[in-house]
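Step one of this worksheet: look at the structure below.
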Amino acid sequence: MSQPVFRFAPSPNGPLHLGHAYSALLNHDLARQVGGRFLLRIEDIDRERCRPRFERAILDDLEWLGLEWEEPVRRQSGHLDDYREALDRLVEAELVYPAFLSRGDVRAVIAEEEARGADWPRDPDGAPLYPTIERELPEDERRARIEAGAPFAWRLDIDAAMERVSGKLDWQEQGSGPQGETGLISADPRVWGDFIVARKDVPTSYQLSVVVDDAIQDVTHVVRGRDLFHATSGQRLLQELLGLSPPVYLHHDLILGEDGRKLSKSRGDTGLEALRTAGLTPNDIRRMVGL
């Protein structure tokens, strides 16, 4: 049996908060309990929001918490060729298409359909599904738009992708959920519609890069918050299409703020650095997150 491999994969787009601390500590603790490996991965493909200063702060926070990880740290920005290779395979298999609609275009299409009485479907995050009108766009028109510099994203044709799936698509879940005694969750990628797998300027997306990274790093256990529970369906589909073995998943409860909402970098929730400056210790943080 292979050695268990766990990972913590933050994005350097803001300071770590208690929710991140819980996930990092839980991964680290579980890896140590089973004699496994603990990896740190920096998910920095978002060039607009990720900053070196946030990465330095992440490393400082994790070291302060007492975590140890293997070197070298994998940074997604240094492995774009890995994602490009996976994307090329999806393109060659005719499972993705260039999508040119802007947010305004999408709103207009949906408004028109809803004016006709249609109930437009939405994904688990509440966002409307992307219209599928570009799936059959003629190849010469696609090429002309791309050569003219039109912005686009590569989207998965969910219908074509699901036709390639043989058998049942599910995943092993060790966290709380509807899996019952079998431990298996049935994946339902269709709830995401034609989701993005890459953008014009970056040959990947979160969904694509995470499954490629986990496979390359031999990750066996993905331990993360329940806010990513439904995202697993799309990732399981990509793993199936690319011939990648799925890890075991554990989606843990979230650390909530005093108002009952999920902690967020964008909302400026108190970061670990501020708590450290206020005199708290790593043991205080463990108690605060229930460890």
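The values are calculated or read from the model by the stated rules, or taken from the named source; none is laboratory data. Everything numeric here is computed off the predicted structure, so don't read it as measured data. No Cβ is skipped: glycine too gets one built from the backbone with ideal geometry, and neighbour counts run over all protein chains shown.
Observations on the model:
- Val109 vs. criteria part of a loop (DSSP other than H, G, I, E, B) and either of a type in the set (Ser, Thr, Tyr) or at negative phi (or both): no
- Of all residues in segment 1-31 being hydroxyl-bearing (Ser, Thr, Tyr) and in contact (Cβ under 8 Å) with a residue 40 or more places away in the chain, the one that is farthest from Ala57 (Cα to Cα): Ser2
- Scanning segment 234-257 for residues that are surrounded by fewer than 17 Cβ atoms within 10 Å (Cβ to Cβ), hydrophobic (A, V, I, L, M, F, W, C) and at pLDDT below 90 yields a total of 1.
- Some residue of segment 175-186 being part of a loop (DSSP other than H, G, I, E, B), in contact (Cβ under 8 Å) with a residue 12 or more places away in the chain and among the aliphatic types (A, V, I, L, M): no
- Ser23 vs. criteria within 20 Å of Val211 (Cα to Cα), among the polar types (S, T, N, Q) and at pLDDT below 95: no
- Residue in segment 142-165 that is touching a Phe, Trp or Tyr at 6+ places or on another chain (Cβ under 8 Å), more than 27 Å from Arg84 (Cβ to Cβ) and not in a strand (DSSP E or B) present: no
- If only residues of segment 212-230 that are of a type in the set (Val, Ile, Thr) and over 25 Å from Pro151 (Cβ atoms) are counted, the one that is surrounded by the fewest Cβ atoms within 10 Å (Cβ to Cβ) is Ile216.
- Test result for Arg32, assigned to a loop (DSSP other than H, G, I, E, B), more than 17 Å from Val210 (Cα to Cα) and among the basic types (Lys, Arg): no
- Condition met for Glu141 (of a type in the set (D, E, K, R), more than 22 Å from Leu238 (Cβ to Cβ), at pLDDT 95 or above and surrounded by 11 or more Cβ atoms within 10 Å (Cβ to Cβ)): yes
- Hey, Val91 at pLDDT 95 or above, β-branched (Val, Ile, Thr) and over 25 Å from the mean Cα position of the chain (by Cα) or not: no
- Among the candidates Gly271, Gly260, the residue that is modelled with pLDDT under 95 and at positive phi is uniquely Gly260.
- Residues (crowded, with 20+ Cβ neighbours inside 10 Å and over 16 Å from the mean Cα position of the chain (by Cα)) located in segment 27-45: Asn27, His28, Ala31, Phe38, Leu39
- Checked across segment 39-59, the condition of being of a type in the set (A, V, I, L, M) and over 24 Å from Pro282 (Cβ atoms) holds for at least one residue.
- Whichever residue in segment 187-202 is in a loop (DSSP other than H, G, I, E, B) and at pLDDT below 95 and, among such residues, is surrounded by the fewest Cβ atoms within 10 Å (Cβ to Cβ): Asp201
- Count of segment 103-134 residues which are surrounded by 12 or more Cβ atoms within 10 Å (Cβ to Cβ) and either at pLDDT below 95 or more than 21 Å from the chain's Cα centre (by Cα) (or both): 12
- Taking residues in segment 191-204 that are more than 14 Å from Arg135 (Cβ to Cβ), and partners anywhere that are among the aromatic types (Phe, Trp, Tyr) and surrounded by fewer than 21 Cβ atoms within 10 Å (Cβ to Cβ), the pairs with Cβ atoms closer than 6 Å and at least 6 places apart or on different chains are Lys200/Phe152.
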